[in-house]
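**Q** Please read through the structure below; I'll follow up with questions.
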Amino acid sequence: MIEYHLGIDSTDSLKLGMCTTYLGARIIEALAGMGCEFERSPDLVRLNPNIPWKTRGNGAVCIRMMHAEGGAEEIMRVAQGLTDKLSVLEDEQANPGIALVTGSVPEELKDLYIKAVHEVVEIEYAISVGELCGALMKGYKNRRGLIGALSAIGAMDMPNWTWETMAYRDPYSRTRERMVDPSSIASLSLRYPSTFFNIDGSGKPLCIPHSPCPVMFGIRGTDAVDSLKAASEVACSGMERWVLWRTNQHTDAHIETVENIDYLKELSSVRMKGGVARRPSYHPGGHLSFSLEDGRNHTIDCWAYEPTKDFRKRLRGLIEGDVVEVWGGIRAEEDGMPACINLEKVLVIELVQLMKRTNPHCPECKGPTESMGRGQSLRCKACGFRNGTLHPVLRPVERDLCTGFIDPPEVAWRHLYRPSWLEFSKEPTKTPASFWGRGPLSPITGGMISVRSERSNREQGVKKRGLNA
Ligand SMILES: [Zn+2]
């Protein structure tokens, strides 16, 4: 047995449905059927979120497996067969790519992943790296999917990761509604605190998509077993299969720390410290912007758009001189608009101490005092006290802002966005016995899914189909 790494990308369509992760789930099943063994979860890899031509979330997948030597052609045949059958080739945005590496993952592909998450990678460049590494490749149409397919293979050693258990429905039921009971999701975050992105502040489910894709729901979290357990408690009907993905979602993998504005590259994502040079103001459409100075007298505008909701309101209190660190994507210069930072989160490091001139109270009767005219001392308005030394004093003004992180609400999160409070587990976590299954996810006991329960799922599936027929 030797190791194989199969990457797939760009098979889906926003309008017509499908999802590369669903195709991955089908390929996993087919590969298991031919004797491939999976020792770890497959990877769901999000790439540079600022790329203009991305499909839904710019996500690619990589299935890592052990199989007999000489199995590469067979694995490619299975992957291609299902891609031909399921991908939405009629959508111009779907340009599927499949890549396969035999043996350990070459360093060149690890570098390609780093490049693809931070920069814009050209198709020809990615293909040349694939050829250099001896990868088997199949690119459809303009072959853009090969960039993601090869990069996903290279995401082998991501420094941080989270998990997402994705439940899928019949891919041909392309309705925007799912048969999921939202009330069963409401308390998941309380029972499984390592899961997140389940519901928003108003109780609306965030983990159920509204597109025609086969994803029924996805439970994200920092613990693999918790994510599976939580997903098994979602009340739903029509679950066809499920997969537990290891993913770079919510890890800030796309962020590079830069010293100053000279280092900003278009379409990359950065973290930069600076001082507020112009306080935030609102613009037509409800967007908010302020100007940031990088310590070398260069400034750049930072934007928080209307869909980030409360995020803008909380930033509004910044004033000139406040020291902040910002996270965000660089929007390229266009139509006369200079390049700017689209904010993802802000850390308020230091607040300017505002002072206000106030008249002290009368030392005799504690009454209010008033000015006698320019340059003169104060007089008590109540008792008329005046000693010639009573003058206005400077008092600190309380700011309506504190130091610390300002995060946008969940609804504005992008896939790679790391909430400031999210902690990654460095300890080896319990590894589930199975990363995928057919039929509904049965309740999980003791943190493990046994192979037997997977088989019984399959039997249930058969029984249910029998009943329906
Ligand atoms: Zn007085």
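**Q** Please determine, by comparing only the residues of the stretch 123-169 that are closer than 30 Å to Val225 by Cβ and in a strand (DSSP E or B), which one is farthest from the chain's Cα centre (by Cα).
**A** Tyr168
**Q** Which pairs do you get when a residue that is of a type in the set (Gly, Ala, Ser), found in the stretch 388-405, comes within reach of a residue that is surrounded by 13 or more Cβ atoms within 10 Å (Cβ to Cβ), reach meaning Cβ atoms under 7 angstrom, with the pair 6+ apart or on two chains?
**A** Gly388/Ser377; Gly404/Val348
**Q** Return a yes/no flag: does the stretch 365-376 have any residue that is β-branched (Val, Ile, Thr), part of a loop (DSSP other than H, G, I, E, B) and within 16 Å of the ligand (Cβ to nearest atom). Give the derivation first.
**A** Filtering the stretch 365-376 down to residues β-branched (Val, Ile, Thr) leaves 369.
Okay, now just the ones that are also part of a loop (DSSP other than H, G, I, E, B), so none.
Checked the stretch 365-376: no residue is β-branched (Val, Ile, Thr), part of a loop (DSSP other than H, G, I, E, B) and within 16 Å of the ligand (Cβ to nearest atom).
**Q** What about Gly317, is it part of a loop (DSSP other than H, G, I, E, B), outside the structural domain of Met179 (by TED's automatic domain parsing), open to solvent by 30 Å² or more (accessible area, probe 1.4 Å) and modelled with pLDDT of 95 or more? Break it down stepwise before answering.
**A** On the way: part of a loop (DSSP other than H, G, I, E, B): yes; outside the structural domain of Met179 (by TED's automatic domain parsing): yes; open to solvent by 30 Å² or more (accessible area, probe 1.4 Å): no; modelled with pLDDT of 95 or more: yes.
No.
**Q** Check whether at least one residue in the stretch 292-304 is closer than 30 Å to Ser202 by Cα and aliphatic (A, V, I, L, M), and report yes or no.
**A** Yes; the residues of the stretch 292-304 include at least one that is closer than 30 Å to Ser202 by Cα and aliphatic (A, V, I, L, M).
The values are calculated or read from the model by the stated rules, or taken from the named source; none is laboratory data. None of the values given here were measured: they were computed from a predicted structure. Don't worry about glycine lacking a Cβ; one is built from the backbone with ideal geometry, like all the others, and counts go over all protein chains shown. What goes into the accessible areas is simple: the full protein's heavy atoms, side chains included, and nothing from ligands, DNA or RNA. Shrake-Rupley method; radii C 1.70, N 1.55, O 1.52, S 1.80 Å.
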